[in-house]
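Trainee: To start, I am sharing the structure in question, which I have written as structure tokens.
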Amino acid sequence: MKHLKEQDPEVYQVLENETRRQNDGMELIASENFVTRAVIQAMGSTLTNKYAEGLPGKRYYGGCHHVDVVEDVARNRAKALFNAEWANVQPHSGATANAAVYLTFLKPGDTLLGLDLSHGGHLTHGSPVNFSGITYDARFYGVEKETGRLDMNVIRDKAREIRPRMISIGASAYPRDFDYEAFRSIADEVGAFLWMDMAHTAGLIAARLLNDPLPHAHVVSTTTHKTLRGPRGGMLLIGKDSENTLGKVAPKSGRVKMWSELLDSAVFPGTQGGPLMHVIASKAVALGEALKDDFTEYQKKVVANSKAMAARFLEMDYHLVSGGTDNHLMLIDLRNKNITGKQAEEALGRADLTVNKNMVPFDTQSPFVTSGIRIGSPAMTTRGMGEDVFRRIAELMDQVITNPESDTVIEKVRGEVHQLCEQYPLYDFVIA
Ligand code: DSN
């Protein structure tokens, strides 16, 4: 068989260009990371050919004995990493993992209480443009205007008033930790299920650097490709709290089914067809990496770099939502810098500093323009950059943000960005 480069130079060229872009620039999107060669190799494997609907040992197809092994390895590693009772590693993405949560715990029209998208929440937590907001009666809690933080008393009052069937926790742009114990006590008080979507912070939670949702939430969903540094995909977990594992009576058989069984069925056949076995193998590799000691060291650096960068921005008179960060990301409100999120993203992009524009709480701009940018440390920490470099990146970003029209400034910054990136090499291959 031919090598891709020979068979399809057009597609190969794109792969080469994208690899160069990743190597040469500063990747500061909080939800992105750089996986290892081993993780990429497992994804680019023959396992993509295999149909394996069902679960290990209970498939609807023959010839699954090898992929069964790798799915069990992935499930066992996920359970060990998060001290979980149960794991399902089949969700193709965070969104499909979340779809399985909804299918398990809610009926159409049931009420959900989640974090407002414009306050750092996620589309799949009830946005009106997403299936979650279309199918369920989604209501929202938000951060406080003065502090940029969640106030559990306000959330409790809201839950008492709304009496949701499910409360979701988790965010795409919240720089602080969550009080899961308080959330669970609210959920218990109003008779709601508690669901944590830890997509952004899974790596930090695995390293025990943030509070652990597993003992408190009925179900935890995640992606595997953000701080967890695995392949693009999703995963579901249940903690070792026996109360959380109790399910409900199945309408047809009258048998009590565990939440784990119901979630397994909600993934397949509920919301997905055949699992992506090459991605599951890759998840197994990434979870194996996450179980090693150096993963904890990496996650410590992610937080230290994020805090160092945030501190430098504060020194330069930037407004950070909540005044700083406890995790891998920060959200900058640019209104005092006289530039929108969109303009900042574009100007920074010209200097090969890749960020995303982001709504800030109580934003006065539309989601296409926004008043803020979100910045994350996971990817550049993977490259080995430390606190000094992150402080320097903040200074370079400031030069661009305060001179967005200046080609001279942007060219100069771009040159330094490339120089810094050269000092921290990334991929020396296009095809793993
Ligand atoms: N789109 C992801 C993010 O950037 O945070 C969340 O799914």
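Trainee: Please enumerate the residues belonging to segment 103-120 that are buried (at least 22 other Cβ atoms within 10 Å of the Cβ) and either within 16 Å of the ligand (Cβ to nearest atom) or not aromatic (Phe, Trp, Tyr) (or both).
Mentor: If the condition is that a residue be buried (at least 22 other Cβ atoms within 10 Å of the Cβ) and either within 16 Å of the ligand (Cβ to nearest atom) or not aromatic (Phe, Trp, Tyr) (or both), then 104, 112, 113, 114, 115, 117, 119, 120 are the ones that fit.
Trainee: Is it the case, given these coordinates, that residue 95 is surrounded by 18 or more Cβ atoms within 10 Å (Cβ to Cβ) and part of a helix (DSSP H, G or I)? Explain how you work it out, then say what you get.
Mentor: Numbers: surrounded by 18 or more Cβ atoms within 10 Å (Cβ to Cβ): yes; part of a helix (DSSP H, G or I): yes.
Against the criterion (surrounded by 18 or more Cβ atoms within 10 Å (Cβ to Cβ) and part of a helix (DSSP H, G or I)), residue 95 qualifies.
Trainee: Ok, one more. When residues of segment 83-102 are filtered for being within 16 Å of the ligand (Cβ to nearest atom) and among the polar types (S, T, N, Q), how many remain?
Mentor: Selection size over segment 83-102: 3.
Trainee: Shifting gears a bit: When residue 80 is evaluated against the numbered criteria (1) in contact with a Leu (Cβ under 8 Å, 6 or more places away or on another chain); (2) within 16 Å of the ligand (Cβ to nearest atom), which criterion, by number, is the only one it fails?
Mentor: Status for residue 80: all satisfied but (2).
Trainee: Out of 204, 123, report the one residue that is open to solvent by 10 Å² or more (accessible area, probe 1.4 Å), closer than 30 Å to residue 381 by Cα and aliphatic (A, V, I, L, M).
Mentor: One residue alone meets the criteria, 123.
Trainee: Let me ask you something else. Residues that are polar (S, T, N, Q), within 21 Å of residue 90 (Cβ to Cβ) and part of a loop (DSSP other than H, G, I, E, B): does segment 237-254 have at least one?
Mentor: Taking segment 237-254 and keeping what is polar (S, T, N, Q), we get 242, 244-245, 253.
With the extra rule that they be within 21 Å of residue 90 (Cβ to Cβ), the set shrinks to 244-245.
This time we only want the ones that are part of a loop (DSSP other than H, G, I, E, B), so: none.
Within segment 237-254, not a single residue is polar (S, T, N, Q), within 21 Å of residue 90 (Cβ to Cβ) and part of a loop (DSSP other than H, G, I, E, B).
Trainee: Still on this structure, I have one more. Determine which member of the set 162, 134 is away from the ligand (no atom under 16 Å from the Cβ), open to solvent by 20 Å² or more (accessible area, probe 1.4 Å), touching a residue at least 40 places away in the same chain (Cβ under 8 Å) and of a type in the set (A, V, I, L, M).
Mentor: 162
Trainee: I would also like to ask the following. Do the conditions hold for residue 249, that is, is it among the β-branched types (Val, Ile, Thr), more than 16 Å from the ligand (Cβ to nearest atom) and in contact (Cβ under 8 Å) with a residue 40 or more places away in the chain?
Mentor: The answer is no for residue 249.
Trainee: Quick check on my filter: what residues within segment 224-259 are at pLDDT 95 or above and open to solvent by 20 Å² or more (accessible area, probe 1.4 Å)?
Mentor: 225, 226, 229, 232
Trainee: Does segment 23-45 contain at least one residue that is charged (D, E, K, R), assigned to a helix (DSSP H, G or I) and either within 30 Å of residue 296 (Cα to Cα) or open to solvent by 10 Å² or more (accessible area, probe 1.4 Å) (or both)? Even if it seems obvious, please write down each step before you answer.
Mentor: Of the residues in segment 23-45, the ones charged (D, E, K, R) are 24, 27, 32, 37.
Those left that are additionally assigned to a helix (DSSP H, G or I): 24, 37.
Going one step further and asking which of them are either within 30 Å of residue 296 (Cα to Cα) or open to solvent by 10 Å² or more (accessible area, probe 1.4 Å) (or both), we end up with 24, 37.
Looking for residues that are charged (D, E, K, R), assigned to a helix (DSSP H, G or I) and either within 30 Å of residue 296 (Cα to Cα) or open to solvent by 10 Å² or more (accessible area, probe 1.4 Å) (or both), one finds at least one in segment 23-45, hence yes.
Trainee: Test of understanding: among 395, 387, 345, 411, which residue is within 16 Å of the ligand (Cβ to nearest atom) and of a type in the set (Asp, Glu)?
Mentor: 345 is the lone residue from the list that is within 16 Å of the ligand (Cβ to nearest atom) and of a type in the set (Asp, Glu).
Trainee: Could I ask something else about it? Can you pull out the strands (runs of 3 or more DSSP E) entirely within segment 322-432 that have at least 2 residues that are open to solvent by 10 Å² or more (accessible area, probe 1.4 Å)?
Mentor: Per the criteria, 356-358.
Trainee: Mind counting the residues in segment 200-219 that are assigned to a loop (DSSP other than H, G, I, E, B) and either within 16 Å of the ligand (Cβ to nearest atom) or under 16 Å from residue 122 (Cβ atoms) (or both)?
Mentor: Result for segment 200-219: 4.
Trainee: So which of 67, 14 is in contact (Cβ under 8 Å) with a residue 24 or more places away in the chain and either outside any strand (DSSP E or B) or open to solvent by 70 Å² or more (accessible area, probe 1.4 Å) (or both)?
Mentor: 67
Trainee: Starting from segment 175-193, take each residue that is open to solvent by 50 Å² or more (accessible area, probe 1.4 Å) and list its partners that are among the polar types (S, T, N, Q), counting only C-beta distances under 8 angstrom and pairs at least six apart or across chains.
Mentor: 179/211
Trainee: Mind telling me which of the residues 87, 42, 38 ends up being in contact with a Leu (Cβ under 6 Å, 6 or more places away or on another chain) and aliphatic (A, V, I, L, M)?
Mentor: 87
The values are calculated or read from the model by the stated rules, or taken from the named source; none is laboratory data. Worth saying up front: this structure is predicted, and the values here are computed from it rather than measured. Cβ coordinates were reconstructed from backbone atoms using ideal geometry, including for glycine residues, and neighbour counts include every protein chain displayed. Side chains included, ligands, DNA and RNA excluded: accessible areas come from the protein's heavy atoms. Shrake-Rupley method; radii C 1.70, N 1.55, O 1.52, S 1.80 Å.
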